[in-house]
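A quick write-up on the structure given underneath.
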């Protein structure tokens with residue numbers, strides 16, 4: 001273990017690491033940052049490859065031996081963190097290679113879902129409901145952004161999550177598409193073992209392509225005066241209720 | 001309609017209005033601020049008492065006659081708004097007097113729920129699921145805070161929402177308490193027409209008082225590797241699934 005302390009935000013490794021807060025650098029490097037002891041533990045437990053770990057000097061006791069562990073000041077840690085009050089540790093982790101998906105299962109497809117909290121929450125719920133994979137389509141927010149990782153609470157490491165084009169709709173059996181339209185069936189009438197469930201954009205809903213490709217358009221009945229549900233809540237009702 | 005334009009953030013009425021962004025002033029005044037044309041429309045449709053309306057000069061065409069309508073500059077509007085990009089209108093609305101609740105229905109009880117997005121989303125879902133009322137207990141975040149109002153999307157005006165002490169647990173029949181404990185029943189086995197559902201704090205869960213008062217402790221089975229769900233998602237699954 002290296003006992004010297006990084007005290008400058010301008011340290012070369014810190015500057016390189018900080019870039020990973022931006023999507024374009026994550027795309028190029030194939031790695032991303034996680035924050036906090038809970039996420040680090042989940043990443044290690046799930047066999048993720050941890051490139052390097054930065055720990056705040058006052059929290060050194062909290063982390064076992066990592067091959068590439070650096071002690072940093074609180075100010076330096078803050079500079080590579082997305083939060084106001086970082087939880088003592090930031091680590092760089094390699095993205096996993098989940099490009100191959102078995103379509104014979106329960107899949108969640110996120111189409112143009114924009115809010116990081118919603119995407120993280122949907123990943124967490126897909127994990128809780130034992131879905132086989134999550135597929136991101138279109139302009140869905142980067143699953144490796146700090147806010148998505150935070151609200152996914154470690155579920156990012158529990159199931160395959162991949163980026164695909166909406167051409168996959170042509171190759172999927174039992175494509176269930178969640179809509180607000182009453183010209184669709186109540187989800188409680190659908191009885192399927194295996195399916196792919198499409199959840200759309202917060203404002204605009206699902207695409208024309210999804211609607212045209214659907215095996216079944218489904219809706220959650222609005223029993224009161226609300227016009228719609230939050231997409232993460234709707235996804236939860238459908239993943240546990242279908 | 002008053003055609004003069006308020007151009008100063010230091011205008012007395014603007015300064016008074018701005019205070020309503022803080023809970024203590026909302027508590028004292030019995031009124032709160034809403035933002036955006038959608039919420040204003042929902043408030044009017046629901047018969048809420050609108051005290052005054054502030055509209056950005058460029059958007060005057062969007063609002064019909066209100067008795068107390070003021071035109072303001074964008075900068076002034078921003079000063080009484082909680083968002084970076086206010087949507088052209090802010091209005092002061094009187095809190096409704098929902099102190100009397102009929103306990104013979106479906107009630108959602110929010111106990112110490114802290115995140116404004118979660119509370120707003122739970123109110124929206126309770127509306128969509130045709131619950132009869134929402135009761136806030138303990139340290140649950142103020143339902144009239146701008147973020148809660150925003151994520152409730154107008155549902156705040158669709159059903160009674162009241163603040164009570166946890167003594168109400170002693171007076172409620174069929175108190176269902178959502179827990180993570182396996183020493184509780186799977187929610188899918190519960191068959192009740194009328195009940196009160198308690199959702200607890202994001203980190204600490206429900207209180208000892210709730211557990212002791214419960215007619216039934218219930219849980220959502222975690223089928224994958226996630227340890228828990230977001231409280232708004234869990235509330236959605238239970239409100240639509242019970």
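Rule-based calculations on the coordinates, nothing more; no lab input. These numbers come from a predicted model, not from an experiment. As a convention, Cβ positions derive from the backbone with ideal geometry for all residues, glycine included, and neighbour counts pool all protein chains shown.
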#### Entry: Pairwise Cα inverse-distance average, inverted: Kirkwood Rh of segment B:106-241 (Å)
14.7 Å
### Query
If you line up the long axis of helix B:231-241 against the longest principal axis of chain B, both from Cα atoms, how many degrees apart are they, to the nearest 10?
70 degrees
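Counting DSSP beta bridges in segment B:122-217, what percent are antiparallel, to the nearest 5?
Working: 1 of 10 bridges.
Percentage antiparallel, nearest 5: 10.
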### Message
Tell me the angle of helix B:116-128 to the major Cα principal axis of chain B, expressed in degrees between 0 and 90 and rounded to the nearest ten.
### Response
80 degrees
### Kirkwood-based shape ratio for chain A, expressed as Rg/Rh from alpha carbons
1.05
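Out of all DSSP beta bridges in segment A:1-152, what portion is antiparallel? Express it as a percent rounded to 5. Walk me through the numbers before you get to the answer.
Numbers: 10 of 21 bridges.
Counting only bridges with both partners in segment A:1-152, antiparallel ones make up about 50 percent.
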## Note on the structure
Inter-copy distances for residue B:164, label 7 Å out on the Cα-Cβ vector, sorted ascending, nm, one decimal, are 4.7
### Scattering profile of segment A:5-94 at q = 0.20, 0.21 Å⁻¹ [log10 I(q)/I(0), Debye over alpha-carbon scatterers]
-0.91, -1.01
### Query
Principal axis lengths of the protein assembly as shown from Cα atoms, whole Å, largest first?
68, 55, 51
### Query
At residue B:114, with labels set 7 Å past Cα in the Cβ direction, how many nm apart are the copies from this one, shortest first?
3.0
### Task
Determine the shielding of peptide A:117-130 by partner chains: average, over its residues, the number of Cβ atoms on other chains within 10 angstrom of each Cβ.
5
#### Entry: Average partner coverage of A:157-166, which counts Cβ from other chains inside 10 Å
1
### Task
Indicate, rounded to the nearest 5 percent, the antiparallel portion of the DSSP beta bridges found entirely in segment B:5-94.
60 percent
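Please give the peptides A:116-123, A:226-233 ranked by average Cβ packing (other Cβ atoms within 10 Å per residue), highest first, as a rough proxy for protection. Each step should come with its number before you reach the end.
Values: A:116-123: 26.1, A:226-233: 23.0.
Put in order of decreasing packing, that is A:116-123, A:226-233.
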### Task
Provide Rg over Rh for segment B:74-149; use the alpha carbon set for both Rg and the Kirkwood Rh (inverse mean inverse pair distance).
1.04
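How large is the helix-only mean residue ellipticity at 222 nm for chain B, computed as the sum of -39500 (n - 2.57) over DSSP H runs with n ≥ 4, divided by its residue count, in deg cm²/dmol to the nearest 500? Could the numbers behind the result be given before it?
Numbers: 8 runs with 66 residues, N = 242.
Rounded to the nearest 500, the figure is -7500 deg cm²/dmol.
For chain B, calculate the relative contact order in percent as a whole number, restricting contacts to Cα pairs under 8 Å that are 6 or more residues apart. Before the final figure, lay out each step's value.
Working: 459 pairs, mean separation 45.6, N = 242.
Across chain B, relative contact order equals 19 percent.
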